[in-house]
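The values are calculated or read from the model by the stated rules, or taken from the named source; none is laboratory data. The model shown is predicted, which means the values in this text are computed figures rather than measured ones. We place every Cβ from the backbone using ideal geometry, glycine too, and count neighbours over all the protein chains shown.
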Amino acid sequence: MIPKIRHKLLILEPTKFTPLLAIFFMITHFKDFMNHPAIPALVALIAAIGLLFENARGFARYWAVLTSLYAAWVVLNWQLIDNHMYLWGYWLLAITLSHFSKNKAKALVVSAQYLIASCMVYAIIQKMNPTFLSGDFFYFQLLTDSRFTFIGKLIQFNMVDLIVENKLLIQEVMTNAKTVRLNPGPHMLHIISQCLTWYVIAIEAALALVFLLPRRVAYAWQHWLMLLFLSTYFILPIKGFAFALLSLSFTLIKPTDAGLKLLYLCFMLYIFSFSVMVVNVFF
Amino acid sequence: MTWNKPTFTKLKKLDHTFLRFGERIRQWLAEHWLALIPVIVLHAIAWRQITLRNMDHLDAWKGGGFGMFSTIGDRFYHIHLMTNKTFECSETPKGLRKKLSKTKKYPSYMMMESVAKELAEGTWVYDYKIKRDSASVVMLGRDEPLTQHHRMVRFDSVELQVFSVRFNKETFTLEPRLLRKLACLK
């Protein structure tokens, strides 16, 4: 059984598998209609064709249509959609353009590497503001974002009640446009917010740096740092961004690296199928 | 310490190294320029987002600048129906929810003007459906008829205000910050 799996992994070509991942993501994640139901419906239909017929995925025209429809949807909703949806659009464009390159696999690798690097560079540039650097941002998130309730288990504090109370206070600010004093919670949250702030800056800067370096120089660093960065999503399930980064990084795996392929595939499976369940059960 | 003047051969070698490096980059770009197009698009959109964020109140979390988890993104808006000296704070009209969400994330003058105009052109009523003693101010939809639960609201103009919030970790206070407001005559 194990040698069979290993063999399957070895023959799995990352640059050939990644368009399939893109289609899978389009079908499972692209369901937000946002008042333009025609476009997502068409995207889902075209993506389904690509999933069923391998030949369709090999045509440049197929990807051009899919990318154009996706771009139209992005243009119509640009003020509302999250950043990973933009990243996904660039990735679809990269897949389309790779069909016009002499070396398709190499083109995908170059696009994936520099898209990740650019994404991380801008993430760092945007974080260079007083609210983030002072730790205020993460402190506020800890006090008000229900995705951070798992921290309560670690510090033995009822974060759920704290967050509910602060959310009501935020509602008061929004209704009456007046200043309120939030429940600050335990002092420990100050320390946690500082740690989170500097961890995020360090890991994103490191990722930007290693992905700007040539692949042959920083291959191992690129993947292990990416997996470390993505480990945050074990307890903070943000499916879209995690899957986008996983797909792009998967493209960068060497065909002979079966172990890394398995690790990425398990990660994707976890993010899509178990992350929410695990967080709900354990936290 | 003495500085040895580089010989002609050394300079020539250095020149060759630079030439080779330049040639390699040119070759690499010639081979991969297509693959770099998505990256260039990413940079163009990200720079646009950063400019609009700094100059025109675009939300850092939106617009393709990868500013998620960089600043507090909570925003809200108020719709005021103004008379001479008073104002009524209204509910969000169902038909304009998406437009108002977009305006909240990017309160450009153009967008605000367009929404405020639509609000000013709408039919506004006091709705007594839920409670008899108090009424909420709502805008009737296009095909929504006036009923016995409704009473017309008199107003001269509509003011749309967009706020963000500012959190102070020293005092634990959360204060609203008016980003932009725009009024439109009825």
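Some observations on this one:
- Matching residues, the stretch B:48-63, being in contact with a helix residue (DSSP H, G or I) (Cβ under 9 Å, 6 or more places away or on another chain) and not small (Gly, Ala, Ser): B:49, B:50, B:53, B:56, B:58, B:59, B:61, B:62
- Here the stretch B:102-142 is the region considered, the condition is being of a type in the set (Ser, Thr, Tyr), outside any strand (DSSP E or B) and over 30 Å from residue B:72 (Cα atoms), and the residue that is modelled with the highest pLDDT is B:128.
- Test: residue in the stretch B:55-65 that is touching a residue at least 40 places away in the same chain (Cβ under 8 Å), surrounded by fewer than 19 Cβ atoms within 10 Å (Cβ to Cβ) and not in a strand (DSSP E or B): yes
- Extreme residue, modelled with the highest pLDDT, among residues of the stretch B:143-186 that are more than 29 Å from residue A:185 (Cβ to Cβ) and hydroxyl-bearing (Ser, Thr, Tyr): B:157
- Residues in the stretch A:88-116 that are more than 8 Å from chain B (Cβ to nearest Cβ) and under 26 Å from residue B:98 (Cβ atoms): A:88, A:89, A:92.
- Matching entry among B:91, B:170 (being within 14 Å of chain A (Cβ to nearest Cβ), acidic (Asp, Glu), in contact with a strand residue (DSSP E or B) (Cβ under 6 Å, 6 or more places away or on another chain) and part of a loop (DSSP other than H, G, I, E, B)): B:91
- Number of residues in the stretch A:77-87 that are touching a residue at least 40 places away in the same chain (Cβ under 8 Å) and either closer than 22 Å to residue A:212 by Cα or more than 10 Å from chain B (Cβ to nearest Cβ) (or both) equals 3.
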